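In what follows, a structure is listed as structure tokens, so that the remarks can point back to it.
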Amino acid sequence: MMTTVHGDDVLAQAAAWRDQGRQVALATVVATWGSSPRPVGSQLAVDDDGNMMGSVSGGCIEGAVVHESGSVMEDGTPKLLEYGVTDEMAWEVGLACGGTVKVFVERVE
Amino acid sequence: MKRDILDSLQRARAAQRPVALVTNLESGRQALLDGETVTGELTLGGPVLAQARQAILDDRSATLPGTDLFVQAFNPPLRMIVVGAVHIAQSLVPMAALAGYDVTVVDPRKAWATDARFPEVRMSTEWPDAALTTLAPDHRTAVIVLTHDPKLDDPALEVTLKSPVFYIGALGSTRTHAKRLARLREAGLDEAALARIHGPIGLAIGAKSPSEIAISILAQMTQALHGAPPLVKAQVA
């Protein structure tokens, strides 16, 4: 089935990338605590070139999720990631706004 | 996600059918609930099915308490019906489309309801009461009346007030709105029904241009949708 992408339809983009023979991972916010920028159900599609569509935060954790997506695309084993409040360590990936999110990352077969 | 699940999900969304995707966050196995049909690698027991159906009704995705199961609800887009193909509608319609609304514009005046003024927008040139009866607005629909013209606005409001829409707004000054309420009261509508109409329409942000008024309308619709309290100014110590 060929897919056309309208607007910001993340799932359509994931399907279209697969149709082009690319590896694709799909990340979904499955739980949040405190103030988190994107609600449960928000999705981000990532391809094997690191192209992104959609979001799982306000830009705080997308880079880390894209990084984690690599192994999910390779071996197909899903991951459940958790990101929390950034502590003093400036290099830590976290939510600057102070919430916690759980993100499920799966390969699109 | 298996490709057949993704394709089924996209087909259901294209057909505007509400569906729920259930994912086991440990194994990654999934099932798609579409009406009475469940497809996929995950077996769903009665209680999980009931919770998945409720998630669709509440339009709310969540991990089920005490389980590894995540239920994601996919509902058709929220709808917006605009009565009056006027200047404000020309700003409001593309803004609402960007915010994810499926928009229909109703105006029997053919000079207003033209493709040139509203390119690629679904239009109805039926009389507003007939158009609204056909469109059957539900609890995921907002109705905005913008004509100022009682013979168009009033029939639209009378039909809309019998429906469970989450937002009704009517353009017009305080004085115009008071006269409108008097006419609708005369037509037999009770105070509880009349209180559902946001009039004068929009949040008080000092909007003047058609685009600014469209922003104030969209902001008020969003507030009504999420049941948020009116914004208050931050207290400065």
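The values are calculated or read from the model by the stated rules, or taken from the named source; none is laboratory data. The shown structure was predicted, so the numbers you read here are calculated from the model rather than taken from an experiment. Because the Cβ atoms are built from the backbone with ideal geometry, glycine has one as well, and the counts that use them run over all protein chains shown. We work out accessible area using only protein heavy atoms, side chains counted, and drop any ligands, DNA or RNA first. Shrake-Rupley method; radii C 1.70, N 1.55, O 1.52, S 1.80 Å.
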Relative contact order (%) - criterion: Cα under 8 Å, at least six apart; region: the stretch A:7-107: 32
Computed over chain B: relative contact order in percent, which uses C-alpha pairs under 8 Å that are six or more apart: 13
Between A and B, accessible area buried - total, square angstrom, nearest 100, 1.4 angstrom probe: 1600
Nitroxide proxy distance, nm - points 7 Å out along Cα→Cβ at B:Thr67 and B:Ser27: 1.3
Protein accessible area in the stretch B:3-74, 1.4 Å probe - carbon and sulfur %: 49
Separation in nanometres of the label points that stand 7 Å from Cα toward Cβ, at B:Glu120 and A:Asp75: 4.4
Spatially close lysines, pair count over the protein assembly as shown: Cα under 25 Å, gap of eight or more or interchain: 9
Summed residue charge, Cβ within 13 Å of B:Gly28's Cβ, Lys/Arg positive, Asp/Glu negative: -2
Prolate/oblate/rounded call for the protein assembly as shown, Cα gyration tensor, a/c under 1.5 rounded: prolate
Value of Rg to Rh for chain B (Rh from inverse mean 1/r over Cα pairs, i.e. Kirkwood): 1.05
222 nm mean residue ellipticity, helices alone, for the protein assembly as shown (DSSP H n ≥ 4; -39,500 (n - 2.57); rounded to 500): -10000 deg cm²/dmol
Solvent-accessible heavy-atom area per residue, rounded to whole Å², over the stretch B:1-74 at 1.4 Å: 50
Gyration tensor verdict on the stretch B:106-185 (Cα atoms; rounded if a/c is under 1.5, prolate if a/b is larger than b/c, oblate otherwise): oblate
Relative contact order (%) - the stretch B:137-197, alpha-carbon pairs under 8 angstrom, separation at least six: 37
